[in-house]
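Step one of this worksheet: look at the structure below.
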Amino acid sequence: MPNGSSKGYCLLGFPFGVLLFLVFSSFPMNESPHQQFFSSLTLSSSLLDHTNALQSSSSTSSLSNSPTISIKKRSNLERREEELRKARVAIRRAVKLKNYTSNEDMTYIPTGQIYRNSFAFHQLKMMKRFKVWSYKEGDQPLVHDGPVNDIYGIEGQFIDELENVMGARFRASQPEEAHAFFLPFSVANIVHYIYKPITSPADFNRARLHRIFNDYVDVVARKYPLWNQSNGADHFMVSCHDWAPDVPGSKPEFFKDFIRGLCNANTSEGFKPNIDFSIPEINIPKGKLKPPFMGQNPENRTILAFFAGRAHGYIREILFSYWKGKDKDIQVYDNLTKGQNYHELIGHSKFCLCPSGYEVASPREVEAIYSGCVPVVISDNYSLPFNDVLDWSKFSVAIPVKQISEIKKILQEIPHDKYLQMHKNVMKVRRHFMVNRPAQPFDVFHMILHSVWLRRLNIKLPS
């Protein structure tokens with residue numbers, strides 16, 4: 001970058017010349033981010049409302065032999081900001097009028113109690129407007145590649161879907177057309193290829209991860225003006241690896257506005273719901289996109305609550321101490337015996353216990369939802385996936401860790417009519433956690449992009 005090309009704040013040796021204004025900064029502290037967005041979405045004034053007036057004025061003045069008024073051509077940034085302004089206006093109008101009007105052909109209209117505000121969700125117009133640029137720099141396997149199976153599989157699936165499958169609907173043809181910018185590196189692959197073998201505790205040091213991330217940002221920021229326009233506030237990553245929250249850890253102030261899509265969405269460890277977004281941890285089977293569906297109708301679900309898994313972390317140890325092998329209604333296992341089928345047991349359970357493991361996220365929530373089993377989230381400090389839009393209280397039960405001993409009492413006190421409604425809601429919300437290739441409207445890939453889109457709507461960049 002030539003010397004003197006810009007002035008101001010610098011990151012990794014390159015300058016920042018643009019101040020960022022986040023709409024979230026104006027919200028009252030006692031409101032959650034989803035309430036803040038949907039109840040207080042701030043409308044930015046048009047960056048270019050003067051253009052039409054200038055055009056009209058120019059035409060009139062030419063007839064009266066007045067001096068011609070020169071019209072400034074819109075910059076790419078100005079065009080993008082004007083598109084976002086119109087989207088904000090449409091959302092505000094939909095919320096105010098409780099109106100589902102849309103210019104898009106929709107095969108599904110989001111309605112009902114599983115949504116915090118279905119009018120705003122339907123009116124986000126992401127399908128029509130939103131464009132993402134995935135940076136081309138870097139080589140596989142650390143960039144443009146990732147695991148596609150098991151609990152980290154959503155990372156590689158999303159990278160491949162966005163870069164190779166989604167096509168023109170979301171992918172910008174040029175970086176200047178994009179509203180958001182994806183850094184397509186794989187934390188799981190970095191750990192797999194750069195950190196193996198691990199022979200001592202010192203090998204867990206995050207320094208190599210930090211260098212790779214910092215160098216990648218440095219490369220794209222020097223090549224394009226896009227990072228510097230927003231201080232990275234319209235750039236994002238997606239990862240389910242346990243180390244993913246640590247990616248910007250070497251320079252937290254420099255990367256404080258960078259958007260992280262994380263499975264490990266632990267608010268006690270730096271997850272910021274107004275900037276970051278939580279994604280579901282999905283255990284993707286090899287050769288398939290989801291496990292077999294063995295869910296029964298509510299009347300055939302004879303097990304009150306079920307869990308099977310290893311004693312990973314203190315929460316599961318507490319769960320085992322109270323319930324492992326001690327109650328026929330609360331069936332808790334560390335290992336299933338020969339002949340027991342995990343997915344069949346979930347399918348016969350009314351409630352599925354979803355305790356955190358070593359990290360807050362677990363694939364249990366999605367496994368339960370896939371099978372029509374009401375998730376029972378047992379965790380501390382977990383920001384649940386897509387909770388900007390989805391009202392988890394309508395299709396799950398939250399039990400604090402300190403109340404693990406009361407699980408049976410809590411679940412038995414839920415009225416049968418309420419359970420039936422929760423089961424119905426679970427079946428309805430399944431579409432938002434489905435992995436489809438190619439992606440389908442409102443599936444997990446669209447929900448991930450919607451989370452980015454929502455945060456981009458809450459950023460106003462000056463031209």
Review point. Which pairs have Cβ atoms under 6 Å, sit 6 or more apart or on different chains, and link a residue in region 96-124 that is closer than 18 Å to Pro385 by Cβ to one that is modelled with pLDDT under 75 and open to solvent by 30 Å² or more (accessible area, probe 1.4 Å)?
Key: none
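Of everything in region 259-286, what is closer than 18 Å to Phe213 by Cβ and assigned to a strand (DSSP E or B)? Give them in sequence order.
Applying the first criterion (closer than 18 Å to Phe213 by Cβ) to region 259-286 yields 259-264, 269-272, 275-276.
If the condition is that a residue be closer than 18 Å to Phe213 by Cβ and assigned to a strand (DSSP E or B), then Ile259, Arg260, Gly261, Leu262 are the ones that fit.
Matching residues to (1) more than 26 Å from Ala180 (Cα to Cα); (2) touching a Lys or Arg at 6+ places or on another chain (Cβ under 8 Å); (3) not β-branched (Val, Ile, Thr):
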residue: Gly357; (1), (2), (3): yes, yes, yes
residue: Asn381; (1), (2), (3): yes, no, yes
residue: Val389; (1), (2), (3): no, yes, no
residue: Lys402; (1), (2), (3): yes, no, yes
residue: Asn425; (1), (2), (3): yes, yes, yes
residue: Val435; (1), (2), (3): no, yes, no
**Study point:** Matching residues, region 252-280, being more than 18 Å from Leu183 (Cα to Cα) and open to solvent by 20 Å² or more (accessible area, probe 1.4 Å)
**Key:** Glu253, Thr267, Ser268, Glu269, Gly270, Lys272, Pro273, Asn274
Check your understanding: Which pairs have Cβ atoms under 8 Å, sit 6 or more apart or on different chains, and link a residue in region 131-149 that is closer than 16 Å to Ser239 by Cβ to one that is aromatic (Phe, Trp, Tyr) and part of a strand (DSSP E or B)?
Key -> Ser134/Phe181; Ser134/Phe182; Tyr135/Phe181; Tyr135/Phe182; Gly138/Phe185; Leu142/Phe185; Val143/Phe185
**Study point:** Scope region 232-271; condition among the basic types (Lys, Arg) and either farther than 23 Å from Val191 by Cβ or in contact with an Asp or Glu (Cβ under 8 Å, 6 or more places away or on another chain) (or both); matching residues
**Key:** Lys256, Arg260
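One line per residue, one yes/no per condition, for (1) more than 24 Å from Asn458 (Cα to Cα); (2) in contact with a Cys (Cβ under 7 Å, 6 or more places away or on another chain); (3) open to solvent by less than 60 Å² (accessible area, probe 1.4 Å); (4) not aromatic (Phe, Trp, Tyr):
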{"site": "Val191", "(1), (2), (3), (4)": "yes, no, yes, yes"}
{"site": "Ser200", "(1), (2), (3), (4)": "yes, no, yes, yes"}
{"site": "Asn205", "(1), (2), (3), (4)": "yes, no, no, yes"}
{"site": "Leu209", "(1), (2), (3), (4)": "yes, no, yes, yes"}
{"site": "Asp215", "(1), (2), (3), (4)": "yes, no, no, yes"}
{"site": "Val220", "(1), (2), (3), (4)": "no, no, yes, yes"}
{"site": "Lys223", "(1), (2), (3), (4)": "yes, no, no, yes"}
{"site": "Trp227", "(1), (2), (3), (4)": "no, no, yes, no"}
{"site": "Ser230", "(1), (2), (3), (4)": "no, no, yes, yes"}
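Residues are listed down the side, and each one gets a yes or a no for (1) within 28 Å of Ile369 (Cα to Cα); (2) at pLDDT 90 or above; (3) among the hydroxyl-bearing types (Ser, Thr, Tyr); (4) open to solvent by 40 Å² or more (accessible area, probe 1.4 Å):
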{"residue": "Ala94", "(1), (2), (3), (4)": "no, no, no, no"}
{"residue": "Lys136", "(1), (2), (3), (4)": "no, yes, no, yes"}
{"residue": "His144", "(1), (2), (3), (4)": "no, yes, no, no"}
{"residue": "Glu161", "(1), (2), (3), (4)": "yes, yes, no, no"}
{"residue": "Ala180", "(1), (2), (3), (4)": "no, yes, no, no"}
Study note, to complete from the structure: Ala308 fails exactly one of (1) open to solvent by 50 Å² or more (accessible area, probe 1.4 Å); (2) without any contact (Cβ under 8 Å) to a residue 40 or more places away in the chain; (3) under 30 Å from Asp246 (Cα atoms); (4) not charged (D, E, K, R), namely (1)
Exercise for review: Could you please give the count of residues in region 364-378 that are at negative phi and either surrounded by fewer than 19 Cβ atoms within 10 Å (Cβ to Cβ) or outside any helix (DSSP H, G or I) (or both)?
Suggested key: 7
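Taking Ser379, is it closer than 28 Å to Phe119 by Cβ and of a type in the set (Ser, Thr, Tyr)?
no
Residue-by-condition table, conditions (1) modelled with pLDDT of 95 or more; (2) surrounded by fewer than 15 Cβ atoms within 10 Å (Cβ to Cβ); (3) touching a strand residue (DSSP E or B) at 6+ places or on another chain (Cβ under 6 Å):
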position	(1), (2), (3)
Lys290	no, no, no
Glu299	yes, yes, no
Ile303	yes, no, yes
Tyr314	yes, yes, no
Gln331	yes, no, yes
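Yes/no matrix, rows are residues, columns are (1) in contact with a Pro (Cβ under 8 Å, 6 or more places away or on another chain); (2) open to solvent by 10 Å² or more (accessible area, probe 1.4 Å); (3) in a loop (DSSP other than H, G, I, E, B):
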site: Asp380; (1), (2), (3): yes, yes, yes
site: Asp388; (1), (2), (3): yes, yes, yes
site: Ser405; (1), (2), (3): no, yes, no
site: Asp417; (1), (2), (3): no, yes, no
site: Val429; (1), (2), (3): no, no, no
site: Val435; (1), (2), (3): no, no, yes
site: Gln440; (1), (2), (3): no, yes, yes
site: Phe445; (1), (2), (3): no, no, no
site: Leu454; (1), (2), (3): no, no, no
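If a residue must be open to solvent by 10 Å² or more (accessible area, probe 1.4 Å) and under 20 Å from Leu411 (Cβ atoms), how many such residues does region 335-351 contain? Spell out how you get there, then give the answer.
At the first step, the residues of region 335-351 found to be open to solvent by 10 Å² or more (accessible area, probe 1.4 Å) are 335-345, 348, 350.
Filter again for under 20 Å from Leu411 (Cβ atoms), leaving 345, 348, 350.
Total satisfying the criteria: 3.
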Exercise for review: Return the only residue of Ala168, Ala120 being open to solvent by 60 Å² or more (accessible area, probe 1.4 Å) and either hydrophobic (A, V, I, L, M, F, W, C) or part of a strand (DSSP E or B) (or both).
Suggested key: Ala168
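Among the residues of region 303-312 satisfying the criterion of being in contact with an Asp or Glu (Cβ under 8 Å, 6 or more places away or on another chain) and in a loop (DSSP other than H, G, I, E, B), which is farthest from Gly347 (Cα to Cα)?
Let us first name the residues in region 303-312 that are in contact with an Asp or Glu (Cβ under 8 Å, 6 or more places away or on another chain), namely 303-305, 308-311.
Add one more test, that the residue is in a loop (DSSP other than H, G, I, E, B), and what stays is 309-311.
Values: Gly309: 16, Arg310: 20, Ala311: 22 Å.
Checked region 303-312; the qualifying residue farthest from Gly347 (Cα to Cα) is Ala311.
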**Study point:** Filter result for Ser396 (surrounded by 22 or more Cβ atoms within 10 Å (Cβ to Cβ) and of a type in the set (Ser, Thr, Tyr))
**Key:** yes
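The values are calculated or read from the model by the stated rules, or taken from the named source; none is laboratory data. None of the values given here were measured: they were computed from a predicted structure. Here Cβ is always computed from backbone atoms with ideal geometry, including for glycine, and neighbour counts include all displayed protein chains. The area values use the complete protein model at the heavy-atom level, side chains included, leaving out ligands, DNA and RNA. Shrake-Rupley method; radii C 1.70, N 1.55, O 1.52, S 1.80 Å.
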